[in-house]
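The values are calculated or read from the model by the stated rules, or taken from the named source; none is laboratory data. Because the structure is predicted, anything quoted here is derived from the model rather than measured. All Cβ positions, even for glycine, are placed from backbone atoms using ideal geometry, and neighbour counts span all protein chains on display.
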Amino acid sequence: MDVILFLVFSAIAVACALNLVVQRHPISSAISLVGVMASLAILYLLLGGEFIAMAQMIVYAGAIMVLFVFTIMLLNAGAEKRGVKRPWAVYLGIPLLTGLLGIISFLVQGQVQGSPPVILGGFTGGAAGDVGRALFTRYVLPFEVVSVLVLIAILGAMVLARKEIE
Amino acid sequence: MNFFILTLIKTGILLFIFMTTLAYLQWIERKVLAHIQLRMGPTRVGPFGLLQPLADVIKLVTKEGMIPSHVNKVFYLLAPVIAVTLALTSISVIPFGPQVEIFGVTTYLQLTDLSMGILFLLALSTLGTYGIALAGWSSNNKYALLGGLRASAQLISYELPMALAIAAPLLLLNTLSLREMVEAQQGYYFGFIPKWTVFQVLPLQVVSFIIYMISGFAETNRIPFDLPEAENELVAGFHTEYASMKFASFFMAEYANMTTISFIAVLLFLGGWHPLWPAEYGSDYVAPLIFFFGAAILLFHGLNPARPKDKLFMPPFGIVFALVGVLFLIPALKPILIPIFWFTGKVGAILFLYIWIRGTLPRFRYDQLMNFTWKYLFPVSVVNLMLTGLVVALMS
């Protein structure tokens, strides 16, 4: 059951990711990205990361992508025009891309050969309490540093967006 | 019994009841609004207009499902599906009552209890924005687009104070599971004041409740926050171009979202299925008394009819009410029905508040709406969360 779900949602994620690149309209691409995020959330859930899955849903699939869609709607961006057709780009590009991906995955697999296999449902430390405890004890320094970084980014965005005051 | 069959049965029953409730919520809304405005409301279809929802459903199903030629077809058709599916999914984690035994089967009055129940509901409500935003955009109509833009901006803005207002009681209840949340609110102060979150004095939680309710109203696009479908400016907002069942899906999603907001309010702040005062002081007899009282009124008016048709319709309804009241007194059914009564009673009270406010308040202006959340509601909810956290840390 777990394996079937894993395969189904990985397939959906990959299909949505491909669709994201292929689609010409920005809204279609954005919605495909939502599909990728949502299926990733379900993959996290299968791996036992309950909290991460919900955070992925709320923050990525929800908040961030809603802002994307909102901006696209606000700018009223139309469909992109297709460039000049280059048949050799398709005939050469797809085999080359497949070959490159194959080589990369072969190399990665060779590097991490010793790692133990993933058991779906084997990991149980993904509840909100566990994540919170880890964040505020073991990883407290990186956590705080990242929050300061985000704060700086927000302030920077506000300074850049603000109108010049004479 | 097999887990699978049990879940199927529970889903079927719950879906049937929920859909009927959604249909009748609209009848109740029309009736209550009508009486607020000194009108009669629907009276023609069936006794007291009770068959009006059925007639509306038949009307909407049989109408021509027109698709305008200028829309983006894929997203135009997808939007109502997204809206209604996400809105209806949220009932799957709502607990309606404690563990009960029916025909020898021990089960919870809940489809499933997620350890992240409340986060799941928040995720569904953020994703619900897509239905409205896509509907507005794909319609290719300036009014629909403006409605969709307003709706998404409003949902994003009010999501923040709502999440912060939910976080404050979570610090006290110390769980994210909806069932455990209600169980943590069991018991009474001094033997009679219920230990609901809303009655917490130290730290004060009424503020969180009020912030949650205000942002809940805004999240469901109801008056006074119904800018996305302001008739006098935007025709019908994001669903201007929708007809027949596609329109009905948006309607259903709006009512389902209203009930979800009420469910969360009851579970988080109002003690779920726990009664308002302890059973030793007779809270178990409230439900039968209400139904017997209703039955007595109906029978009285049936025997002294003001209109000729009352003689026909009032007594049967009175007898049904009396029978329902008797059901609450049967010892075998009591542990099931009493919690459900309190739960639905509280949810009903909040839904009534929704309708009452719709009949009372005018609509905000758009800049007022945004100023209100960013300049008042959001700072207040941040301070509220920090104070709650401080008090919880000091007391533990």
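Laid out as a table, the results:
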| quantity | calculated |
| --- | --- |
| Filter result for the condition that a residue is within 10 Å of another protein chain (Cβ to nearest Cβ), modelled with pLDDT under 85 and farther than 30 Å from B:PRO68 by Cβ, over B:LEU114, B:LEU109, B:LEU119 | B:LEU114 |
| Candidate set: the stretch B:107-125, residues that are under 17 Å from the mean Cα position of the chain (by Cα), under 16 Å from A:ALA127 (Cβ atoms) and in contact (Cβ under 8 Å) with a residue 60 or more places away in the chain; chosen: the one surrounded by the fewest Cβ atoms within 10 Å (Cβ to Cβ) | B:ILE118 |
| Top-ranked residue in the stretch B:131-151 [being of a type in the set (S, T, N, Q) and more than 9 Å from every other protein chain (Cβ to nearest Cβ); ranked as surrounded by the most Cβ atoms within 10 Å (Cβ to Cβ)] | B:SER139 |
| Options A:SER115, A:SER105; residue that is of a type in the set (Ser, Thr, Tyr), more than 11 Å from chain B (Cβ to nearest Cβ), surrounded by fewer than 18 Cβ atoms within 10 Å (Cβ to Cβ) and not in a helix (DSSP H, G or I) | A:SER115 |
| Positions within the stretch B:152-166 being within 10 Å of another protein chain (Cβ to nearest Cβ) and either of a type outside the set (Asp, Glu) or part of a loop (DSSP other than H, G, I, E, B) (or both), in sequence order | B:SER152, B:ALA153, B:LEU155, B:ILE156, B:LEU160, B:ALA163 |
| Per-region count, the stretch B:27-61, residues free of Cβ contacts under 8 Å to residues at least 40 places away in the same chain, loosely packed, with under 12 Cβ neighbours inside 10 Å and in a helix (DSSP H, G or I) | 2 |
| Which numbered condition B:GLY49 misses (of (1) touching a Pro at 6+ places or on another chain (Cβ under 6 Å); (2) modelled with pLDDT of 85 or more) | (2) |
| Top-ranked residue in the stretch B:201-231 [being farther than 24 Å from B:GLY131 by Cβ and among the polar types (S, T, N, Q); ranked as nearest to the chain's Cα centre (by Cα)] | B:SER208 |
| Selection from the stretch A:58-86 of residues that are closer than 21 Å to B:SER138 by Cα and within 9 Å of another protein chain (Cβ to nearest Cβ) | A:ALA61, A:GLY62, A:ALA63, A:MET65, A:VAL66, A:LEU67, A:VAL69, A:PHE70, A:ILE72, A:MET73, A:LEU74, A:ASN76 |
| Flag if A:GLY121 is more than 30 Å from B:GLY136 (Cα to Cα), within 14 Å of another protein chain (Cβ to nearest Cβ), at pLDDT below 85 and assigned to a loop (DSSP other than H, G, I, E, B) | no |
| Residues (free of Cβ contacts under 8 Å to residues at least 60 places away in the same chain and either part of a helix (DSSP H, G or I) or touching a Gly at 6+ places or on another chain (Cβ under 8 Å) (or both)) located in the stretch B:1-14 | B:PHE3, B:PHE4, B:ILE5, B:LEU8, B:ILE9, B:GLY12, B:ILE13 |
| Residue in the stretch B:90-97 that is touching a Pro at 6+ places or on another chain (Cβ under 6 Å), in contact (Cβ under 8 Å) with a residue 12 or more places away in the chain, within 26 Å of B:ILE350 (Cβ to Cβ) and not in a helix (DSSP H, G or I) present | yes |
| Single residue of A:ALA13, A:ALA30, A:ALA38, A:ALA55 found to be assigned to a helix (DSSP H, G or I), within 12 Å of another protein chain (Cβ to nearest Cβ) and touching a residue at least 24 places away in the same chain (Cβ under 8 Å) | A:ALA30 |
| Among (1) at the interface with chain A (Cβ under 10 Å from one of its Cβ atoms); (2) buried (at least 20 other Cβ atoms within 10 Å of the Cβ); (3) under 23 Å from B:THR388 (Cβ atoms); (4) of a type outside the set (Val, Ile, Thr) - the single one B:GLY128 does not satisfy | (3) |
| Filter result for the condition that a residue is aromatic (Phe, Trp, Tyr), touching a residue at least 60 places away in the same chain (Cβ under 8 Å) and part of a helix (DSSP H, G or I), over A:PHE6, A:PHE70 | A:PHE6 |
| Number of positions in the stretch B:84-104 that are more than 14 Å from chain A (Cβ to nearest Cβ), aliphatic (A, V, I, L, M) and either within 15 Å of B:ILE132 (Cα to Cα) or surrounded by 15 or more Cβ atoms within 10 Å (Cβ to Cβ) (or both) | 6 |
| Which listed residue is of a type in the set (Phe, Trp, Tyr) and in contact with a Ser or Thr (Cβ under 8 Å, 6 or more places away or on another chain), from A:PHE70, A:PHE106, A:PHE51 | A:PHE70 |
| Residue under evaluation A:LEU155, criteria (1) closer than 16 Å to A:GLY48 by Cβ; (2) assigned to a helix (DSSP H, G or I), criterion not met | (1) |
